[in-house]
Amino acid sequence: MRYIKLLLLAFTIACSGTKDSKEESASTQDQVLNVYSHRHYDADKQAFERFTEETGIKINLVKAGADELISRLEMEGENSPADVLITVDAAKLNRAKSMGLLQSVEAKTNNKDGFIDPDKNWYAITYRARVIAYDKEDVAISELSTYEDLASEKWKNRILIRSSSSSYNQSLLSSIIYENGADIAGKWAIGIVENMAREPKGGDRDQIKAIASGVGDLAIVNTYYVGLLLNSDNPEEVKAGQRVGIYFPNQEGRGGHINISGVGVTKNAPNKANAIKFIEFLTSEKIQKFYASTSFEFPVHNNVAPDSTIAAWGEFKIDDLDYASNPDLLDQAIKLFDEAGWN
């Protein structure tokens, strides 16, 4: 309907003999940004509203899973209305890049090293660490070491983790395939299934709450979920967050796994200039501080520190993102999950 109205407006102006009809039409379009996003957080809603307030650019938001959005972009082709794609994992962004769905753009940011795609097809907004949350009453920190160790028999019936359909888990297994090979990664997936305290269900916060309820002793979760619990208005959620300790795995080796939330400009973006403004806004110092204190994610801006809740867990060695440059690993990960019976 909006496009029909724009066409009628352009036609009316043309008929009236206005020489600047194209400029008027472009000016109308310049006030719009079409966002395809895998993120689903209140912090985004607030950040997007601030973007509109400061720029006058209205955001049309479509939310869905990363794979669904990527498939939609592929099907829409050059007729896609999307200007930017946002996902919560670098591997998904690189999949879109490898399919030719993103374009290289020059955006002015102060992102840390490693948080911009080498070809500038995407820019990181925030990142989260995928850590081991453990019951401080039943698990000694000396018992913990690596992701790989979680498949050992000592954790039988003690591990809580979400479904294999989670982008976070697919990315983690992709990194294990990259580091150790498919055979070892497949055995790891089988070991985790055998060590599960229950069938996978719910999100990361549900796994932490299950620890607090005595269902299991360990959970593989993203840090910002713990931050949200600890800063919740619900006393029961705060209590659940306080029950667990946070452990960064693989610190003596490749480092802890992270999931990047990033944004890329689509290949056929009709509002490219607005898309670049959007990237620069989301990576600006003020919005990075806002995300750090609201969603409890790690900022990517060089001058912005993590929120005190997150900082209290200490600094950690980060695994590189080399695995994410090979989107085929995601397909291998999904296959290994299926073979392991990881629902």
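Hey, can you tell me all the residues within the range 154-181 that are without any contact (Cβ under 8 Å) to a residue 40 or more places away in the chain and either in the same structural domain as residue 88 (by TED's automatic domain parsing) or within 16 Å of residue 219 (Cα to Cα) (or both)? Quick ask: steps written out before the conclusion?
Residues of the range 154-181 that are without any contact (Cβ under 8 Å) to a residue 40 or more places away in the chain, as a first pass: 154, 156, 165-166, 176, 180-181.
Listed by number, the residues that qualify are 154, 156, 166.
Kindly provide the set of residues from the range 312-332 that are touching a helix residue (DSSP H, G or I) at 6+ places or on another chain (Cβ under 8 Å) and surrounded by 12 or more Cβ atoms within 10 Å (Cβ to Cβ), ordered by number. First the steps, then the outcome.
So in the range 312-332, the residues touching a helix residue (DSSP H, G or I) at 6+ places or on another chain (Cβ under 8 Å) come out as 313, 319, 321-327, 329-330, 332.
Matches in the range 312-332: 313, 319, 321, 323, 324, 325, 326, 327, 329, 330, 332.
So is residue 245 surrounded by 17 or more Cβ atoms within 10 Å (Cβ to Cβ), in contact with a Phe, Trp or Tyr (Cβ under 7 Å, 6 or more places away or on another chain), closer than 26 Å to residue 156 by Cβ and in the same structural domain as residue 149 (by TED's automatic domain parsing) or not?
Numbers: surrounded by 17 or more Cβ atoms within 10 Å (Cβ to Cβ): yes; in contact with a Phe, Trp or Tyr (Cβ under 7 Å, 6 or more places away or on another chain): yes; closer than 26 Å to residue 156 by Cβ: yes; in the same structural domain as residue 149 (by TED's automatic domain parsing): yes.
Yes, satisfied.
Would you mention how many residues in the range 286-304 are touching a Pro at 6+ places or on another chain (Cβ under 9 Å) and more than 21 Å from residue 174 (Cβ to Cβ)? Explain how you work it out, then say what you get.
Applying the first criterion (touching a Pro at 6+ places or on another chain (Cβ under 9 Å)) to the range 286-304 yields 288-289, 291-292, 296-299.
Still in the running and more than 21 Å from residue 174 (Cβ to Cβ): 288-289, 291-292, 296, 299.
The qualifying residues number 6.
Answer with yes or no whether residue 335 is modelled with pLDDT of 95 or more, over 19 Å from residue 37 (Cα atoms) and either crowded, with 23+ Cβ neighbours inside 10 Å or in contact with a Gly (Cβ under 8 Å, 6 or more places away or on another chain) (or both). Talk me through it step by step, then tell me what you get.
Working: modelled with pLDDT of 95 or more: yes; over 19 Å from residue 37 (Cα atoms): yes; either crowded, with 23+ Cβ neighbours inside 10 Å or in contact with a Gly (Cβ under 8 Å, 6 or more places away or on another chain) (or both): no.
No: the conditions fail for residue 335.
Out of 184, 192, I need the residue that is touching a residue at least 60 places away in the same chain (Cβ under 8 Å) and of a type outside the set (Phe, Trp, Tyr). Which one?
Unique residue meeting the criteria: 192.
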Matching option when the condition is closer than 15 Å to residue 130 by Cα, within 24 Å of the chain's Cα centre (by Cα) and surrounded by fewer than 20 Cβ atoms within 10 Å (Cβ to Cβ), among 174, 145, 167: 167
Being in contact (Cβ under 8 Å) with a residue 12 or more places away in the chain and touching a Pro at 6+ places or on another chain (Cβ under 8 Å) narrows it down to one of 270, 249, so name that one. 270
Which one is farthest from residue 85 (Cα to Cα), of the residues in the range 127-142 that are among the small types (Gly, Ala, Ser) and buried (at least 20 other Cβ atoms within 10 Å of the Cβ)? 133
Six or more apart or on different chains, Cβ atoms under 8 Å: show the pairs whose first residue is in the range 106-126 and crowded, with 19+ Cβ neighbours inside 10 Å and whose second is acidic (Asp, Glu) and part of a loop (DSSP other than H, G, I, E, B). 123/117; 126/297
Taking the criterion of being surrounded by 24 or more Cβ atoms within 10 Å (Cβ to Cβ), at pLDDT below 95 and more than 20 Å from residue 33 (Cα to Cα), would at least one residue in the range 70-89 satisfy it? yes
Verdict on residue 293 being closer than 23 Å to residue 94 by Cβ and either modelled with pLDDT under 95 or out of contact with any strand residue (DSSP E or B) (no Cβ under 7 Å at 6 or more places or on another chain) (or both): no
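Take residue 175 and decide whether it is part of a loop (DSSP other than H, G, I, E, B), modelled with pLDDT of 95 or more, under 28 Å from residue 43 (Cβ atoms) and out of contact with any strand residue (DSSP E or B) (no Cβ under 7 Å at 6 or more places or on another chain).
no
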Single match in 267, 209 (criterion: more than 19 Å from residue 41 (Cα to Cα) and assigned by TED's automatic domain parsing to the domain that holds residue 61): 267
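I'm checking my understanding of the structure. Among residues of the range 57-69 that are within 14 Å of residue 93 (Cα to Cα) and out of contact with any strand residue (DSSP E or B) (no Cβ under 6 Å at 6 or more places or on another chain), which one is surrounded by the fewest Cβ atoms within 10 Å (Cβ to Cβ)?
Going through the qualifying residues, I end up with 68.
Of a type in the set (Asp, Glu), closer than 16 Å to residue 125 by Cβ and in contact with a His (Cβ under 9 Å, 6 or more places away or on another chain), is that true of residue 280? Before the answer, list the steps.
Values: of a type in the set (Asp, Glu): yes; closer than 16 Å to residue 125 by Cβ: yes; in contact with a His (Cβ under 9 Å, 6 or more places away or on another chain): no.
In short, no.
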Can you name the number of the only condition in (1) outside any helix (DSSP H, G or I); (2) buried (at least 23 other Cβ atoms within 10 Å of the Cβ) that residue 216 fails? (2)
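Name the residue that is farthest from residue 310 (Cα to Cα), counting only residues in the range 123-158 that are part of a loop (DSSP other than H, G, I, E, B) and of a type in the set (Gly, Ala, Ser). Spell out the reasoning first.
Going through the range 123-158, the residues part of a loop (DSSP other than H, G, I, E, B) turn out to be 136-140, 144-147, 152, 156-158.
Those left that are additionally of a type in the set (Gly, Ala, Ser): 140, 145, 152.
Values: 140: 21, 145: 20, 152: 29 Å.
Ranking the candidates gives 152 first.
The values are calculated or read from the model by the stated rules, or taken from the named source; none is laboratory data. A quick note: this is a predicted structure, and the numbers were derived from the prediction, not measured. Note that we place each Cβ from the backbone using ideal geometry, even for glycine, and neighbour counts take in every protein chain shown.
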